Amino acid sequence: MTGLRRTALLVGLLALPAAVSGENAGTAPTVLLSPAMHTALESTYGTAEEAVLERTISERVTAALGGAGCDGARQVEITLLDARPTHPTDRQLMDNPALDRLRTHFVGGAIFSVRLLDAAGHELKSLRYDWYAQDIRHGSRSAEPWGDVRLASEGLGSQLARDCRALAQSNSASR
């Protein structure tokens, strides 16, 4: 199988859960980075990590929100305030040859600020969510640099799903 066909097949398989559950691409959260996070990427982690962080957060939150009853919230706006990697990024490895991609392990995580907006752009709810591993034993076992951010994003998605269900219940009770 050629690389292009393999990529097309993978994209199709990744889109299948959203198509089956009736979600469209418009329900994917908007992920923004705070100025402090942009500075950290430029100075420490590498600007190439921005796309990785945005994709990780978006995918994990979208997966958690599937079927959560977020019909009233037309847009989820997530701002990444801080993120710490689990393993060194490529930029950190280039800057410090003493680091090892797998053996160097950090306590990572993230802090998010989130707004749920209705179709008119009015804020339905805002929240702040943070999760950092207590120590390296309680963090991600993944070898990827942003494993703990992935766990934090999954926790954020779970919290948002609970909040969406609560909003849906309060909206149906007020009708």
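Given H placed 1.01 Å from N in the peptide plane, which residues other than close sequence neighbours of Leu33 have an amide H under 5 Å from its amide H?
HN-HN under 5 Å from Leu33: Leu80.
Local charge sum around Leu93 (other residues, Cβ-Cβ under 14 Å, Lys/Arg +1, Asp/Glu -1)?
Numbers: positive: Arg91, Arg101, Arg103; negative: Glu49, Asp90, Asp95, Asp100, Glu144.
Result for the neighbourhood of Leu93: -2.
Can you quote the Å³ per residue value for the convex hull of the Cα atoms in segment 122-175, rounded to an integer? Provide the component values of the computation, followed by the final result.
Numbers: hull volume 5.1 nm³, N = 54.
Convex hull of Cα atoms, per residue: 95 Å³.
FRET efficiency for Leu32 and Met94, Cβ-Cβ distance as r, R0 = 22 Å, nearest 0.05? All intermediate terms of the calculation are to be shown ahead of the outcome.
Values: r = 27 Å, r/R0 = 1.22.
FRET efficiency, Leu32 to Met94: 0.25.
Take the alpha carbon atoms of segment 27-173, find their radius of gyration, then divide it by 2.2 N^0.38 Å using N residues; give the quotient.
Working: Rg = 16.3 Å, N = 147, 2.2 N^0.38 = 14.7 Å.
Dividing the Cα radius of gyration by 2.2 N^0.38 Å gives 1.11.
Report, to one decimal in Å, the Kirkwood hydrodynamic radius for segment 35-98 based on all distinct Cα pairs. List each step's numbers first, then the result.
On the way: mean 1/r = 0.0733 Å⁻¹.
Evaluated over segment 35-98, this radius sits at 13.6 Å.
No value in this document is a laboratory result; all are computed from the given coordinates. Because the structure is predicted, anything quoted here is derived from the model rather than measured. We place every Cβ from the backbone using ideal geometry, glycine too, and count neighbours over all the protein chains shown.
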